[in-house]
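Taking it in order: structure first as structure tokens, then the write-up.
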Amino acid sequence: MFAEGGRGGAGCGSGPGPEPGPGGLNSLSFDAASSSKALQLGSAAPPPGLESSAENGSDPGKKRKRANVPAADGGRNLSLDIPMGLPMSDPTAWATAMNNLGMAPLGMTGQPLLPDFDPALGMMTGIPPINPMMPGLGIVPPPIPPDMPAVKEIIHCKSCTLFPPNPHLPPPATRERPPGCKTVFVGGLPENSTEQIIMEVFEQCGEVIAIRKSKKNFCHIRFAEEFMVDKALYLSGYRIRLGSSTDKKDTGRLHVDFAQARDDLYEWECKQRMLAREERHRRRLEEERFRPPSPPPVVHYSDHECSIVAEKLKDDTKFLEAIQTLLTWIERGEVNRRTANNFYSMIQSANSHIRRLVNEKAAHEKEMEEAKEKFKLALSGILVQFEQIVAVYHSASKQKAWDHFTKAQRKNISVWCKQAEEIRNIHNDELMGIRREEEMEMSDEEIEDPSEMKETEESALVSQVEALKEENDSLRWQLDAYRNEVELLKQEQGKASRDEDTTKEQQMKLLQQALQGMQKHLLKVQDEYKKREAELEKVREDKLKIETLLENLKEQQSIADEEDKERDAIDCQGNECTASRVCVCSQDKDCPVEKTLSNSPVKSEREVLLVGIISTFLHVHPFGASIEYICSYLQRLDSKICTAEVEVLMTRLQNTFRQELSGVGASLEKRWKFCGFDGLKMT
């Protein structure tokens, strides 16, 4: 909402007079900090621009006679000396405009223009009263909620006039606001507009840093602060007219929108980084404030400090501090030949505290056991008292005493009885839980070490089954005894009167509970007995299966041995045939064929394969290869091959492989070459 626009909306329009026209956009709330001249109040002269009402008569649309209105004190006119020669509205229009904004109407000096002003009567309710003298209040009020009606009025400037848009039209659309936006796009400017006119219109929105005007009737304006952009967006939709001309080149419709500028984004990022640094610094300070203090530094080792620590180790109260110092020294590496004796004595002193700590632990355990016993005794006493209270309630519930109580008393007694029984049952369960824990601890202590048990699995299962049978029989006998006792108690209960049945009822309940527990235990034992029998049957079946498997394995082993023998015989025959065909194993030229086959140097199929592989390898190495090189190649195929075996085999086959010496002196090397072709000719 603009100040001079308020004049047009309130019926106080003013046209161009002898004085220059309004010098820009002014807010309804006057900023005293923006004016360098003092306010002149109470002057008899009328404000500039209001001297002659006849000058306004040329414009029939704005024809209105303006008279001086007395101020709040009733005797003086309100005038303001503004450097731009801005005419001032009368106090009534001022108060009306402020009332529309929901502000308390105040004069230039802060005095109320309307003493009985009610902020709830303004158009924009819900806005707290604003002092127009407040510094920093711009030409545009804070953003108006969308559900509240906004009234835009005519704005008069020095060189132009701004006419508001139709209030019934939807608000102009804007793009999404970029972060840190300080730049606006202004479109729809008149063709004859200049940077001075644009500055005149938008400088009242805030400090303008730069204007970049284009030749196509739009420009970009960069402000000093982000909130100034919101004020500039208020002018979106206004029709602008330069002077009083109606030429198309002197008119236009403003469209103000957010613009994305790299400078704005850079400044916003710098600001965010600064805020992040401040936040990290604040968190660091908070963490340091809540961080526990560092432990005191451990002194360096010296003979004097060593003697002090040794004395502290002997003192029970200072042992913890001294043992920490000793640990730090050892971890630092202070132990050497010179200090080894001192450290040994300190370690020995530390070891002497083990017995003390064990004794302390035993004392604490004893105290804990005593406390448990005291608690158990106290709980038992409390339970006995609860039983007596419950017995009192049951006695009171009997016919003799029950008929003498009123209805309300009976109700209270029954409620108290239920509460007492519930509390008693809770305490009874707690006591039984303590006793079960003790029994479990005793049973854990009685369990033997499993490493000492030397029986087999089958015998252990058999013994467990027998033990379960005996336990099952004993439980059956106990169950029969409990049943007999219950029957006797029932018979005695039928014969005795109600007054004598209190203790017997308790015994019956206890016996019934014990009987139920025994029955549950019996069922568990029977289930366990069935499981053990099933396990025993499984073990027997597994044993039979294992025996059959062993017999099958023995038969398969015997069959495999026979097959191996046959295969060995076949392999021997094949080796002899191979040796006779290759003829690489001949050592004597004059021996007959039968003697060669019987005395062949190749004794197995494996050696035949080795001879073939070595021959192939040496054939591609015409200059020979060392025995290590040959073995490294063979070990890639079979890692079990050793050098000695290969060398013996090649030595036996002199007509196939030949060993030569190459090199001189220290570089002398033995190389094996393939000479099978020469040996074939010789044989």
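The values are calculated or read from the model by the stated rules, or taken from the named source; none is laboratory data. Everything numeric in this text was worked out from a predicted model, so none of it was measured. Backbone-built Cβ (ideal geometry, glycine too); neighbour counts: all protein chains shown. Remember, those area values only see protein heavy atoms, side chains included, never the ligands or the DNA or RNA. Shrake-Rupley method; radii C 1.70, N 1.55, O 1.52, S 1.80 Å.
Residue-wise test of (1) of a type in the set (Asp, Glu); (2) in contact with a helix residue (DSSP H, G or I) (Cβ under 7 Å, 6 or more places away or on another chain); (3) part of a helix (DSSP H, G or I); (4) surrounded by 15 or more Cβ atoms within 10 Å (Cβ to Cβ).
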| position | (1), (2), (3), (4) |
| --- | --- |
| Glu311 | yes, no, yes, no |
| Trp329 | no, no, yes, yes |
| Ile354 | no, no, yes, no |
| Asn359 | no, no, yes, no |
| Glu365 | yes, no, yes, no |
| Ala371 | no, no, yes, no |
| Gly381 | no, no, yes, no |
| Val384 | no, no, yes, no |
| Tyr393 | no, yes, yes, yes |
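For (1) open to solvent by 50 Å² or more (accessible area, probe 1.4 Å); (2) at pLDDT below 85, each residue gets a yes or a no:
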| position | (1), (2) |
| --- | --- |
| Asn428 | no, no |
| Glu438 | yes, yes |
| Asp444 | yes, yes |
| Glu452 | yes, yes |
| Thr456 | yes, yes |
| Ala460 | no, yes |
| Gln464 | yes, yes |
| Leu468 | no, yes |
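Based on this model, can you work out whether Asp264 counts as in a helix (DSSP H, G or I), touching a residue at least 60 places away in the same chain (Cβ under 8 Å) and over 23 Å from Thr161 (Cα atoms)? When the stated conditions are applied, Asp264 passes them. Scan the stretch 395-435 for residues that are free of Cβ contacts under 8 Å to residues at least 40 places away in the same chain and outside any helix (DSSP H, G or I) and report the count. Within the stretch 395-435, residues that are free of Cβ contacts under 8 Å to residues at least 40 places away in the same chain and outside any helix (DSSP H, G or I) number 5.
Answer with yes or no whether Glu207 is open to solvent by 80 Å² or more (accessible area, probe 1.4 Å) and either of a type in the set (A, V, I, L, M) or over 13 Å from Ser236 (Cα atoms) (or both). Before you say what the answer is, go through the steps one by one.
Numbers: open to solvent by 80 Å² or more (accessible area, probe 1.4 Å): yes; either of a type in the set (A, V, I, L, M) or over 13 Å from Ser236 (Cα atoms) (or both): yes.
In short, yes.
For Gln196, the conditions (1) under 54 Å from the mean Cα position of the chain (by Cα); (2) in a helix (DSSP H, G or I); (3) more than 19 Å from Phe163 (Cβ to Cβ); (4) among the polar types (S, T, N, Q) all hold with the exception of (1).
Of all the listed residues (Gln557, Gln573), the sole one being modelled with pLDDT under 75, polar (S, T, N, Q) and open to solvent by 70 Å² or more (accessible area, probe 1.4 Å) is Gln573.
Scanning the stretch 163-189 for residues that are at pLDDT 90 or above and touching a His at 6+ places or on another chain (Cβ under 8 Å) yields Thr183, Val184, Phe185, Val186, Gly187, Gly188. Looking at the stretch 228-254 only, could you name the residues that are part of a helix (DSSP H, G or I), at pLDDT 90 or above and open to solvent by 30 Å² or more (accessible area, probe 1.4 Å)? Result: Asp230, Leu233.
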